Amino acid sequence: MPEGNRRYRKQKLNMGQGCEHQMIAVHEFGHTLGMAHEQTRPDRDNNLKIIWDNIQGGAKSQYQTNQQAYTAKPYCYASVMHYGRYAATVRRGEPAMTPINCSTSWDAQFGGQRGCPEETGQWGISDGLVACDIEQLNAMYKCSGGGTTGPTGPTTGGNCNGRDNYSNCGQFKNYCNSAPGMKGWCAKTCC
């Protein structure tokens, strides 16, 4: 059973101040579903160098490896569960982590897009689940699939039978192809 459901039959999710942003809400829901921080995977040292002396003392636990973290899918720099490279740093402007050997897994995650997160700017900044997050959840829960996602965020799988999850989707139609998450949250408008 996934980590988030291993200990509790029910899990309450409290969203406090600073958590009003969609990315943070999706990240916290990921935890309730059993997803660990991507940078804590036991295989992370093959993909990521942690710069321990540049991480604030109270945040170091968020970078310790978690032996129970899911590793059956490739490491994903773009996961909504991955901290940004400057999260909780001591020295402003210097990273807490840098990628190692990232071009192969990066290409697979973004359909052949070349380059590492440092070059493209894509590093744990998705407003919603990306392909690797959906694949991980489907594998963890032994699901056959459902919607898919790509570099621009969730989609309805390419059909126009989706629905808008917000009443004001029409106001943002011009962002369907550029804003992460639009095609998932406003599927009918973006069809």
## Note on the structure
When restricted to GLY30, GLY16, the only residue farther than 15 Å from ALA96 by Cβ and part of a helix (DSSP H, G or I) is GLY30
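Filtering the range 79-92 down to residues that are small (Gly, Ala, Ser) and either at pLDDT 90 or above or more than 17 Å from ALA139 (Cβ to Cβ) (or both), which residue is farthest from the chain's Cα centre (by Cα)?
Going through the range 79-92, the residues small (Gly, Ala, Ser) turn out to be 79, 84, 87-88.
Adding the requirement that they be either at pLDDT 90 or above or more than 17 Å from ALA139 (Cβ to Cβ) (or both) leaves 84, 87-88.
Numbers: GLY84: 10, ALA87: 14, ALA88: 18 Å.
Of everything passing the filter in the range 79-92, ALA88 is farthest from the chain's Cα centre (by Cα).
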### Filtered residue count, the range 15-32, keeping only those that are in contact with an Asp or Glu (Cβ under 9 Å, 6 or more places away or on another chain) and modelled with pLDDT of 70 or more
7
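The values are calculated or read from the model by the stated rules, or taken from the named source; none is laboratory data. Remember, it's a predicted structure, so these values are computed and weren't measured experimentally. Note that we place each Cβ from the backbone using ideal geometry, even for glycine, and neighbour counts take in every protein chain shown.
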